[in-house]
Amino acid sequence: MARTDERPLDARPDTLVDQQVRSHNLDILRALAALMVLFFHAYLLGVREINLPAEGAILSMRWLADVSSRFLSTGVWLFFGLSGYLISKPFIDKLINGEQLPPLVPYAIRRAARIYPLYWVTVTATIIILRLGPDDGAGYFPFHYGLVHNVIPKRQTAVLGVAWTLTLEVLFYLLVPIAAIVVARVCRGRPVRPSTLATLVGLTWLASVVWTALAATLDPGTTQAWARGLFPAMLGMFCPGILLAIGAHSLDGSRWRWWLKEFPYSVWAVPAAIVCLAAAAMLLMGIHYSGRVPGRTWFFLNDLSRPLFAVGYGLVLARAIRSRPWGGRLRGLLVELGLISYGIYLFHAVLFVAFDDRYPDFIPLHRGGAFAYVVHAIFLAGMTLPLAWVSWHYFERPILKRAVRFANRWDPAHATFGRPPT
């Protein structure tokens, strides 16, 4: 029998490189998350720092500007929610169906090919631009290149500031298969009930919240900031995505059914998401205390914004998973922005550091105000988007194609994929 597709025998549909098997709505969320972070840094470009807590009376123009801008920085939480869903879903599906887990070598190759090559380019560019040397912590550069620098105090945002989030991504990539292997062995290969997995994830989320609360009790300073930014503190931001992956399976007879299959798609979900995100923004920036240095109570309340952001963005993610394609006539453009979102995230950070630290005279305007912000946003995006587009089409995607072909050699399913039926 003749083959019905034109894909060569040694190729497999892979969400890393094959747009036909990707979720366009999730790509649009990637674009949204990356642009949020870019526009946040545009607000800081050559203008001023954002004070914590926000300055000015609540609901004043100064306060609203700071809170709105800082809200844009939480696009990273949306990235974590997306990773929680996309990375955990193949493992969750196998656990629930009682099947063999995805092979680890192909998984590791795909993940490494996705996150490291472009990061190595941008971190090297940053080191060159900033002229970092022995007196600037060069001994720690191997940790930065390995994306494990976030576990070292004072190195979280050193060199390339946004890279602290990538350390958390890498640790999450490691945690998912390890946790899946442990669960599979405890269950001796038998199917795992979705409600059991949901409960485990819920307890993990609670433990993450407790860790963050305990970290907030430390004296304000380097140790506290380091503890509040470690992977256990941030793990809760991935949990809504993991729960949504579990929610794709039957939860009949479980209390989780309402939380994961009914409420996220009810008429109350969108208002609930808005309320959670607005309340989280208030806690993130808008709680005022006397004195110039916030105390432990302020940090504790500030960190309460994390579970609210997680829930709010989790509800947005749930809508994206189950909704019809978003974007209308702009869908193609928005999906393309999603495809190049990793480049947007990294390249804009390099440019921001270059102009803010080394070449401030090239920044168009050196004052605040709405007009200056618009100019800076156009300035930063105008240079970032072309770089990200070129990077995706001529650097990232070619590398990923080769990585997928290489990874397929260790994938047992590859042996029968694409062969004509007998």
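The values are calculated or read from the model by the stated rules, or taken from the named source; none is laboratory data. For clarity, every value in this text was computed on a predicted model and none was experimentally measured. Every residue, glycine as well, gets a Cβ built from its backbone with ideal geometry; the counts of neighbours run over all protein chains shown.
Taking the criterion of being free of Cβ contacts under 8 Å to residues at least 40 places away in the same chain and of a type outside the set (Phe, Trp, Tyr), the residues of the range 371-396 that qualify are Val374, Val375, Ile378, Gly382, Met383, Pro386, Val390, His393. In the range 153-165, the residues that are under 19 Å from Met36 (Cα atoms) reach residues that are among the small types (Gly, Ala, Ser) and assigned to a helix (DSSP H, G or I) with C-beta atoms within less than 7 angstrom, at least six apart or across chains, in these pairs: Leu160/Ala349; Gly161/Ala349; Val162/Ala349.
Just one of the numbered conditions (1) surrounded by fewer than 18 Cβ atoms within 10 Å (Cβ to Cβ); (2) touching an Asp or Glu at 6+ places or on another chain (Cβ under 7 Å) is not true of Thr223: (2). Residues that are part of a loop (DSSP other than H, G, I, E, B) and among the aliphatic types (A, V, I, L, M) were ranked within the range 139-153; the one that is surrounded by the most Cβ atoms within 10 Å (Cβ to Cβ) is Leu147. Taking the range 240-261 only, how many residues are farther than 26 Å from Ser305 by Cβ and assigned to a helix (DSSP H, G or I)? Count: 2. Note on the range 298-319: residues that are touching a Phe, Trp or Tyr at 6+ places or on another chain (Cβ under 7 Å) and either surrounded by fewer than 20 Cβ atoms within 10 Å (Cβ to Cβ) or not in a helix (DSSP H, G or I) (or both) total 1. Of the residues making up the range 327-375, those that are among the aromatic types (Phe, Trp, Tyr) and surrounded by 17 or more Cβ atoms within 10 Å (Cβ to Cβ) number 6.
Restrict the check to the range 75-91 and report whether at least one residue is at pLDDT 90 or above, closer than 23 Å to Met282 by Cβ and either surrounded by fewer than 17 Cβ atoms within 10 Å (Cβ to Cβ) or among the small types (Gly, Ala, Ser) (or both).
So the first thing to find is which residues in the range 75-91 are at pLDDT 90 or above, and the list is 75-91.
Filter once more, keeping what is closer than 23 Å to Met282 by Cβ: 75-81.
Among the residues that remain, those that are also either surrounded by fewer than 17 Cβ atoms within 10 Å (Cβ to Cβ) or among the small types (Gly, Ala, Ser) (or both) are: 75, 81.
Yes: the range 75-91 contains one or more residues that are at pLDDT 90 or above, closer than 23 Å to Met282 by Cβ and either surrounded by fewer than 17 Cβ atoms within 10 Å (Cβ to Cβ) or among the small types (Gly, Ala, Ser) (or both).
Since Ala113 meets every condition but one in (1) assigned to a helix (DSSP H, G or I); (2) in contact with a Phe, Trp or Tyr (Cβ under 7 Å, 6 or more places away or on another chain), which condition does it not meet? Unmet condition: (2). From the list Leu206, Leu175, the one residue that fits, being farther than 22 Å from Pro102 by Cα and either assigned to a helix (DSSP H, G or I) or not small (Gly, Ala, Ser) (or both), is Leu206.
Taking the range 92-108 as the range and being part of a helix (DSSP H, G or I) and either buried (at least 20 other Cβ atoms within 10 Å of the Cβ) or at positive phi (or both) as the test, the residues that pass are Ile92, Leu95, Pro106, Tyr107. When Arg228 is tested against the conditions (1) modelled with pLDDT of 90 or more; (2) in contact with a Leu (Cβ under 9 Å, 6 or more places away or on another chain), the lone failure is (1).
Do we have any residue at all in the range 56-67 that's modelled with pLDDT under 85, within 23 Å of the chain's Cα centre (by Cα) and on the phi < 0 side of the Ramachandran plot?
From the range 56-67, those modelled with pLDDT under 85 are 56-67; that's our starting set.
The next check asks that each one be within 23 Å of the chain's Cα centre (by Cα); those that pass are 66-67.
Filter once more, so that each one left must be on the phi < 0 side of the Ramachandran plot: 66-67.
So far as the range 56-67 goes, yes, one or more of its residues are modelled with pLDDT under 85, within 23 Å of the chain's Cα centre (by Cα) and on the phi < 0 side of the Ramachandran plot.
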